[in-house]
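Quick notes on the structure that follows.
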Amino acid sequence: MSTKLHTKFYNNNRLFLMIDPNEEISQNDPVRVIDGIVEGLDLKEFEKLYKEKGRCAYDPKMMLKIILYAYMNNIYSCRKIERQVQRDIHYIWLASQERPDFVTINRFRNRVKNEINNIFTQVVLLLADRGFITLDVEYIDGTKIESKANKYTFVWRKTVEKNRAKLQQKIHMLLQQIDEVIVQDKAAGSDVVEFTPEALTSLIGELKDALSSEPVPTDKEQKEARREQNRQIKELEKHRDKLKEYDNRLEQIGERNSMSKTDPDATFMRMKEDAMNNGQTKPGYNLQISAENQFITDFALFPNPTDTLTLIPFFNSFLKRYGHLPSVAVADSGYGSEENYRFMDQAGMEAYVKYNRFHIEQRPRYKPNPFHHDNFHYNADQDYYVCPLGQHMNRIGTSCSKTASGYRSESAIYQAQNCKGCPLRRLCYRAKGDKRIIEVNHRLNQYKRKARELLSSEEGLRQRGRRCHGSFI
Ligand code: SF4
């Protein structure tokens with residue numbers, strides 16, 4: 001007895017009806033948001049990237065829409081985007097049934113990589129226009145992103161400088177061995193301290209000319225001497241090439257201390273993810289992001305591993321992008337330096353920026369160390385400190401230091417009159433000598449006091465809370 005399955009009719013060779021995406025895609029689908037945003041953008045900058053002749057290119061608006069929509073869905077691979085454009089109705093609708101392949105998608109992405117920054121600014125300004133953000137406050141934080149480069153491709157500035165200096169010595173010694181007459185004329189006799197690859201190239205040329213103008217060696221000794229001279233010139237050429245390589249490396253490293261051979265823009269730094277737990281440095285970038293109301297408002301990549309040096313350039317990036325600085329800045333203790341506080345103070349910003357010991361001071365069981373100079377009584381009128389034993393510590397000088405960015409910081413130096421025989425000596429300080437010396441940066445202390453007041457205020461607590469979860473991604 002034959003039984004018929006109780007299922008719906010299935011035949012994939014039947015005629016398909018046209019699907020209307022307007023019916024299939026709901027009116028509040030995110031794909032429509034992407035479509036609306038890109039339609040409202042000014043893509044004039046893209047026009048210069050296209051030729052007026054040749055085969056028609058895909059509309060850049062369409063390409064931008066599918067790439068942004070793919071990124072929004074965590075799809076970054078060009079091959080996967082290509083697949084989506086062929087299969088997914090949302091992509092099919094965005095692309096209007098065009099089917100760019102992965103090569104085209106990748107080429108477009110590379111072509112517009114400089115202009116995409118401008119697109120980002122336009123989108124943020126659109127958000128500000130619609131009232132989602134004010135662009136008046138920046139919640140700042142940073143993270144390290146690892147480069148694709150291998151972790152063993154490091155080049156350290158100090159090593160290159162050391163090897164370069166050794167090479168210069170080798171070149172000097174070699175030149176002393178080479179034909180003395182020529183060398184006296186061209187190199188050793190002169191006051192050349194540093195050889196450059198260009199100077200060596202011209203010197204090698206002259207040495208070769210001098211050798212070729214000499215009579216052809218006849219006896220065994222002369223032939224041996226000629227072979228030796230040729231060998232030395234070859235060695236000099238090798239040294240010249242190595243010197244060129246060192247110079248190139250130093251130029252690529254620039255102000256940094258390290259770089260990766262295979263990704264010269266990446267700097268070696270410690271990452272948060274340390275699987276081996278050995279503090280190994282890896283090639284990467286320091287990505288700084290500012291956010292407001294869960295929208296990213298600015299971003300920048302820096303080669304400095306520490307956040308302190310990135311804050312001012314990051315504010316300048318915001319200024320360049322939007323034409324003004326925010327009036328409120330909120331950041332963690334990694335940014336609390338004298339230089340940064342001063343910049344924000346002079347720019348009239350309300351700085352909810354922590355300093356390094358702020359968290360410790362906030363602990364319920366925190367007890368100030370009575371032997372730390374921050375807790376000594378200070379007489380501002382007569383400029384002296386009073387130590388725990390009651391001795392006056394008078395000012396004996398000023399010390400200056402410079403940060404990596406060139407900012408000059410000043411600290412006042414105070415000295416106790418006599419610590420010999422003091423019953424508190426062992427608790428007070430460990431350094432040698434019978435007169436305790438302390439260094440105090442008054443300007444930094446002033447900024448810290450102001451930051452503490454702001455951070456502990458009602459508004460400060462609100463801003464700190466928003467930075468942690470509400471306004472930062
Ligand atoms: S050791 Fe010197 S500075 Fe410290 S409490 Fe004694 S006298 Fe004062």
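Being in a loop (DSSP other than H, G, I, E, B) and loosely packed, with under 11 Cβ neighbours inside 10 Å is the filter here; which residues of the stretch 373-403 pass it? Break it down into steps so the answer makes sense when it comes.
First, the residues of the stretch 373-403 that are in a loop (DSSP other than H, G, I, E, B): 376, 380-383, 387-391, 403.
If the condition is that a residue be in a loop (DSSP other than H, G, I, E, B) and loosely packed, with under 11 Cβ neighbours inside 10 Å, then A380, D381, Q382, G390 are the ones that fit.
Taking the conditions exactly as written (part of a helix (DSSP H, G or I) and either touching an Asp or Glu at 6+ places or on another chain (Cβ under 9 Å) or surrounded by fewer than 19 Cβ atoms within 10 Å (Cβ to Cβ) (or both)), does K151 satisfy them or not?
Working: part of a helix (DSSP H, G or I): no; either touching an Asp or Glu at 6+ places or on another chain (Cβ under 9 Å) or surrounded by fewer than 19 Cβ atoms within 10 Å (Cβ to Cβ) (or both): yes.
It is false that K151 is part of a helix (DSSP H, G or I) and either touching an Asp or Glu at 6+ places or on another chain (Cβ under 9 Å) or surrounded by fewer than 19 Cβ atoms within 10 Å (Cβ to Cβ) (or both).
S411 fails exactly one of the following numbered conditions: (1) open to solvent by 50 Å² or more (accessible area, probe 1.4 Å); (2) more than 15 Å from the ligand (Cβ to nearest atom). What is the number of that condition?
Answer for S411: the failing condition is (1).
Only residues that are touching a Cys at 6+ places or on another chain (Cβ under 9 Å) and either in contact (Cβ under 8 Å) with a residue 12 or more places away in the chain or outside the structural domain of V386 (by TED's automatic domain parsing) (or both): list them for the stretch 398-413, please.
Let us first name the residues in the stretch 398-413 that are touching a Cys at 6+ places or on another chain (Cβ under 9 Å), namely 408-411.
Result: S409, E410, S411.
With Q382, Q417 as the choices, which residue is near the ligand (Cβ under 9 Å from one of its atoms) and modelled with pLDDT under 95? I'd like the intermediate steps shown before the answer.
Details: Q382 fails: near the ligand (Cβ under 9 Å from one of its atoms).
None of the other options fit; the residue is Q417.
Can you pull out every residue in the stretch 422-445 that is away from the ligand (no atom under 11 Å from the Cβ) and hydrophobic (A, V, I, L, M, F, W, C)?
Within the stretch 422-445, V440, L444 qualify.
Count, please, the residues in the stretch 232-260 that happen to be of a type in the set (S, T, Y) and over 28 Å from L175 (Cβ atoms).
To start, the set of residues in the stretch 232-260 that are of a type in the set (S, T, Y) comprises 246, 258, 260.
Next, only the ones that are over 28 Å from L175 (Cβ atoms) stay: 258, 260.
Result for the stretch 232-260: 2.
Give me the strands (runs of 3 or more DSSP E) completely within the stretch 236-328, filtered to those with at least 3 residues that are open to solvent by 50 Å² or more (accessible area, probe 1.4 Å) and out of contact with any Gly (no Cβ under 7 Å at 6 or more places or on another chain), ordered by residue number.
On the way: elements: 258-260, 267-270, 281-292, 295-302.
Passing ranges, in order: 295-302.
Within the stretch 336-372, how many residues turn out to be assigned to a loop (DSSP other than H, G, I, E, B) and open to solvent by less than 30 Å² (accessible area, probe 1.4 Å)?
So the first thing to find is which residues in the stretch 336-372 are assigned to a loop (DSSP other than H, G, I, E, B), and the list is 336-337, 347-349, 354-357, 363-372.
Filter again for open to solvent by less than 30 Å² (accessible area, probe 1.4 Å), leaving 336-337, 349, 354-355.
Number satisfying all stated conditions: 5.
Any residue in the stretch 47-62 that is in a loop (DSSP other than H, G, I, E, B) sitting within a Cβ distance under 7 Å of a residue that is open to solvent by 70 Å² or more (accessible area, probe 1.4 Å)? List the pairs, counting only those 6 or more apart or interchain.
Short answer, once both residue conditions are applied: L49/R111; Y58/E98.
The values are calculated or read from the model by the stated rules, or taken from the named source; none is laboratory data. Just so you know, these numbers come straight off a predicted model, no measurement behind them. Neighbour counts are summed over all protein chains in view; Cβ atoms, including those assigned to glycine, are modelled from backbone coordinates with ideal geometry. All accessible areas refer to the heavy atoms of the entire protein, side chains included, with ligands and DNA or RNA removed. Shrake-Rupley method; radii C 1.70, N 1.55, O 1.52, S 1.80 Å.
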